[in-house]
Amino acid sequence: MITAGALLMVVGTTTIALLVLRWVGGAVRRETIPEPQRLPFLGGNPPTTHAWSRYHIRYYAMALLFLAFDMEMVFMYPWAVVFVREGTVALVEMLMFIVILLLGILYAWREGALEWA
Amino acid sequence: MGVTSHRGAGRGAVRDELRRAVGKIAAGSAVPVFPMAGVGGRDAARRIRLSRRLEVVSSPRAANVLLIAGEITPRLLRPAIRIHDQASPPRATLFLIAGGAPEPDVPSKPEAGSNTEVAAVESALRTHAIRDRFFPFAGLVHQESEVEAASRALHRDLVLAERATEPAIQPDRPPLPWRGRGPYGHGGKGMTGGAPYGRPLPERGNDRDGLQLDRLPLRIGPFFPPLVPGLLLDVELHGDVVQAAELGPNPFSGYVGASATCPFMRALASPVRIADLELSRARSHLRWLSDALHALDLSALSIRALALAERLEADNVPLISAELARFSRRLERSRTLTWATRGVGHIRVDQVGDTHGPVARATGVEADARCDDIEYLALGFRPIVHDDGDAWARWRQRIGEARQSLRLVTQAGDRRSGGAGIVEDPRGMIRLQTHTLDSTSQLLPELVTGREWGDAVLAAVSLDLDLERDARLTSVIEEGR
C-alpha cells in the first residue's frame, strides 16, 4: 500500500515537473532556428553530405598501450609485498621487466599510436 | 516579440528597463566582428585587429557585425549570403565600399591610368548593386577609418534593440525535402540509406589502416579565417586526416585589374626606388607574420606584428628595425612555434618546380630576381636561404627577409630598380614574358594530403598565398600578350 502511494507520488511529481518545464520552455522559447542558420560554418559553402560520418577512433591502439601499463601494475603488487624480503634481486628483476614493457611502448610510439588521428 | 503581448504592462516595463540597463553595459563592450574580404578588402579586413573596440571572431556565429570589405565577386556572393544567414541574431552587416585605404606605399596619387579609375568605379558600383539587392538593411561606409565607429553604432543599436536584426536572405526551407518521408519520417531508406534529413551519407574509402570508413567531403572557404580570403579547398576527411585535397577556382579571377599603387607592378614597367620596393616587401612579410600568428590564435603577438607593419614608414626604419629584431628573437626562441611548425608542410627540392620567392628559398633554392639586378648587387645583396623546406623554415625565411629589406632601405638611398619586365615581389619572381601562374598555390594539395587538419592549415598559412595577386598577374600578363 505504502509502495503504491510512493510510486503514485513519484509519478505525479514527475508529471507536474514535466508540465511546468514544458510551460517554462514554451514561455522562454523564441522562434525556431531557421534552416539557413542551421548549417555548419565551413567558410561559406554548404555541406554536401550528412554529418553522420563513421570514423575510426582507434581504441585498439589505446587498448594495447593500456595493456603494457596494466601488466606492469599486475606484477608490481605482489612484487611490492616481497620486495623487502628479496632485496636487490627483486629490484633487478623489476627493472628488467619494465625495460621489456618499455620496448613495447617505444614501439607503439614509433608506429604512431600516440598520434591523435 | 509576440510573447510580451499577453503579459501585464507593468512587468513588460520592468523587463524593458532591465534590458536597457544590461544593454548599456553590453553596448560598451568590444564588438564581435566577422570580416569578409572581397577584392581589395584584405588589408582593411586585417587592420580591424588593431582596434581595441573591435574583436575579430573566427566564426559568424560569434559575430554581431559582419564586415564586408571590398568587392564581392559572383563566386563570393552566395558564400557571403550563406554566412550572413548563419550568423546568429542579433546581426548586422557593414559594407566598406571604396576598396579600403590606399596603400601607404605611395603618398601622392599615382599616375593612375584612366582604365584603373574606371575599373575602380565599376567595381564599387557592382558592390553597391549587390548591397541594394541582397543586403538592403546593411550599413555602409566609404572610408576604412569609419569602420570602427560604424561597427560600434550598429552593435549598440542591436543590443539596445533600437535596430532590428537583419532577416535571413535565403528562404527558410531545407535544402532537400525530407520531413515525413521514408519509414521513420527522416527522409532516408531504413536506418542509414538514402538522404536522411535531406543529405546523402558520405562515400566510404580505405583509411590508413585499410578499414572502410566514411570520407567526409567538405568545401572549405572562401571566407574561412585561417586560410587566405578567396581560397577554396575541397578536402576529404577521414576523421581528422586529410585524405584528398583539391584547389577550387580563384573567385577573384577576372575582377582584379592592374594596380597603379603596387610598387612591384610599377617596377615591371619603369624603375622604382629600391627603398619603396623594400619597404613594401617588409610590410608584406610582417602582415603575413600577423596572419600566421593569428592562425595560431596568438592574438597579442599577431597585433604586435601588424602594428609594426602599419607603422613602418621611410622615416622610422631604424626604430622599427630594432623592434623587429627584438620581436624576431622572441619568436625564434618560442618553443610553441617550433613545436607547431617544424616538419609541417615539408617541401622537397624536386617539388619546388616553378615556385619562386620565400617558399623556394626556404627549401634551399637560391632563386631571386634581385640577384641579377646590378643595383641590388651594388648594395651587397645576397639572398637569404634556408634548407629545411618546412613551415618553420618559411617562418624564419620571411622574418629574415623582412629584416634584410629594412637594412636595404637604409642603404639604398635614391637607387632605382626595375623597368626590365622582371621583379621580385614578396611572394616570388614576376617575369612578364614567361610567367607561370599560381605555382605556389598548386603546391598546397600535395602539402596537406595525409596530414591532420591542424597541420594542413599551418602548411597552407606558411605558403603566404594571395589569390588577388594571382588574379592580377593573370590579367596583367594576358593584357601584355
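The values are calculated or read from the model by the stated rules, or taken from the named source; none is laboratory data. Note that this is a predicted model, so its numbers are computed, not measured. Virtual Cβ from ideal backbone geometry, glycine too; neighbours counted across all protein chains shown. These area figures cover heavy atoms from the full protein model, side chains too; ligands, DNA and RNA do not enter into them. Shrake-Rupley method; radii C 1.70, N 1.55, O 1.52, S 1.80 Å.
Quick one: compute the contact order of chain B, relative version, from alpha carbon pairs under 8 angstrom and 6+ residues apart, as a percent.
Reported as a whole number, the value is 14 percent.
Using the 2.2 N^0.38 Å rule of thumb for compact globular proteins, work out how the stretch A:9-53 stacks up: its C-alpha Rg over that value, please.
Working it through for the stretch A:9-53, the quotient is 1.96.
How well do other chains shield peptide B:57-65, expressed as the mean number of their Cβ atoms within 10 Å of each residue Cβ?
Average neighbour count from other chains, rounded to a whole number: 1.
Any idea what angle helix B:453-462 forms with the longest principal axis of chain B, computed on alpha-carbon atoms, 0 to 90 degrees, nearest 10?
40 degrees
Across chain B, where is the longest run that never hits chymotrypsin sites (Phe, Trp or Tyr not before Pro) in a DSSP loop with at most 13 other C-beta atoms within 10 Å?
B:185-481
Would you mind counting up the charge near residue B:402? Only other residues with Cβ under 9 Å from its Cβ, with Lys and Arg at +1 and Asp and Glu at -1.
Once positives and negatives cancel, what remains is +3.
Determine the calculated [θ] at 222 nm for chain B from helices alone, applying -39500 (n - 2.57) to every DSSP H run no shorter than 4 residues and normalising by the residue count; nearest 500 deg cm²/dmol.
It comes out at -13500 deg cm²/dmol, rounded to the nearest 500.
How many angstrom lie between the C-alpha centres of the stretch B:325-402 and the stretch A:28-79?
Taking the Cα centre of each part, the stretch B:325-402 and the stretch A:28-79 sit 38 Å apart.
Using a 7 Å offset from Cα along Cα-Cβ at residue A:98, what residues in the stretch A:60-79 end up with backbone N under 16 Å from the label point?
Zone members listed by number: A:68-79.
Which net charge results for the neighbourhood of residue B:54, defined as the other residues with beta-carbon distances under 9 angstrom from its beta-carbon, given Lys and Arg at +1 and Asp and Glu at -1?
Within the 9 Å Cβ shell, the charges total +2.
Output ³J(HN,Hα) for the stretch B:182-189: one whole-Hz value per residue in order, computed from phi by the Karplus curve 6.51 cos²θ - 1.76 cosθ + 1.60 with θ = phi - 60°, and x for Gly and Pro.
Going residue by residue, I get x, x, 10, x, 9, x, x, 9 Hz, with x marking Gly and Pro.
Along each principal axis of its Cα atoms, how long is the stretch B:181-297 end to end? Whole angstroms, biggest number first, please.
73, 33, 25
Mind checking B:195-203 for the average number of partner chain beta-carbons within 10 Å of each residue's beta-carbon?
That average works out to 4.
Working only with C-alpha atoms, what are the Rg and Dmax values of the stretch B:135-211, expressed in angstrom?
In order Rg, Dmax, the Cα atoms of the stretch B:135-211 give 22.6, 58 Å.
Ratio of the stretch B:165-209's C-alpha Rg to 2.2 N^0.38 Å, to two decimals? Walk me through the intermediate numbers first.
Details: Rg = 15.1 Å, N = 45, 2.2 N^0.38 = 9.3 Å.
The stretch B:165-209 yields a ratio of 1.62.
Would you tell me the accessible area of residue B:270, worked out with a 1.4 angstrom probe on the heavy atoms of the protein chains, in Å² to the nearest 10?
Rounded to the nearest 10, the figure is 50 Å².
Counting only GluC sites (Glu not before Pro) that sit in a DSSP loop (anything but H, G, I, E, B) with at most 15 other Cβ atoms within 10 Å, what is the longest stretch of chain A containing none of them?
Result for the longest clean stretch: A:32-110.
How many Cβ atoms of partner chains, on average, are near each residue of A:54-64 if near means within 10 Å of its Cβ?
4
At 1.4 Å probe radius, can you tell me the per residue accessible area of chain B in Å²?
Here the per-residue accessible area is 46 Å².
What are the equivalent ellipsoid semi-axes of chain A, built from the alpha-carbon gyration tensor (square roots of five times its eigenvalues), in whole angstrom, biggest first? Kindly include the intermediate steps, with their values, before the conclusion.
Details: eigenvalues 597, 224, 22 Å².
Those come to 55, 33, 11 Å.
Just need the relative contact order of the stretch B:263-480 here, percent rounded to a whole number, with Cα pairs under 8 Å and 6+ apart. It would help to have the intermediate numbers written out before the result.
Working: 327 pairs, mean separation 65.8, N = 218.
RCO, the stretch B:263-480: 30 percent.
Report the trypsin sites (Lys or Arg not before Pro) located in the stretch B:126-163 that are in a DSSP loop and have at most 15 other Cβ atoms inside 10 Å of their Cβ, or state none.
On the way: sites: B:126, B:131, B:133, B:152, B:156, B:163; in loops: B:163.
The qualifying sites: there are none.
When every alpha-carbon pair in the stretch A:59-110 is counted, what percent end up more than 14 Å apart?
Here the long-distance tail beyond 14 Å is 56 percent of all Cα pairs in the stretch A:59-110.
Using the Cα centre of the protein assembly as shown as origin and beta-carbon charges of +1 (Lys, Arg) and -1 (Asp, Glu), tell me which of B:72, B:447, B:261 is placed farthest towards the positive end of the dipole.
B:72
Put +1 on the Cβ of every Lys and Arg and -1 on every Asp and Glu Cβ in the protein assembly as shown; which of B:299, B:324, B:282 then has its Cα farthest towards the positive end of the dipole?
B:299
Any idea what the relative contact order of the stretch B:375-481 is, in percent, if you count C-alpha pairs under 8 Å spaced at least 6 apart?
Working: 58 pairs, mean separation 25.3, N = 107.
Relative contact order comes out at 24 percent.
Within the stretch A:13-69, which trypsin sites (Lys or Arg not before Pro) sit in a loop by DSSP and count at most 11 neighbouring Cβ atoms inside 10 Å? Intermediate values should be presented prior to the final figure.
On the way: sites: A:22, A:29, A:30, A:38, A:54, A:58; in loops: A:29, A:30, A:54, A:58.
Counting only loop positions with at most 11 other Cβ atoms within 10 Å, the trypsin sites (Lys or Arg not before Pro) in the stretch A:13-69 are A:29, A:30.
With θ taken as phi - 60° and the coefficients 6.51, -1.76 and 1.60, list the Karplus ³J(HN,Hα) couplings across the stretch B:399-406 in order, rounded to whole Hz; mark glycine and proline as x.
Karplus values, whole Hz, x for Gly and Pro: 5, x, 5, 5, 5, 4, 4, 5.
Starting from the alpha-carbon convex hull of the stretch B:263-480, give the projected area averaged over all orientations, in nm². Intermediate results must be reported in sequence, preceding the final value.
Working: hull surface 45.4 nm².
Here the figure is 11.3 nm², rounded to one decimal.
Using only the alpha carbons of chain B, determine the length spanned along each of the three principal axes and report them from longest to shortest in whole angstroms.
That works out to 83, 57, 48 Å along the principal axes.
Inverting the mean 1/r over all pairs of different Cα atoms, compute the Kirkwood radius of the protein assembly as shown and quote it in Å.
That comes to 28.1 Å for the protein assembly as shown.
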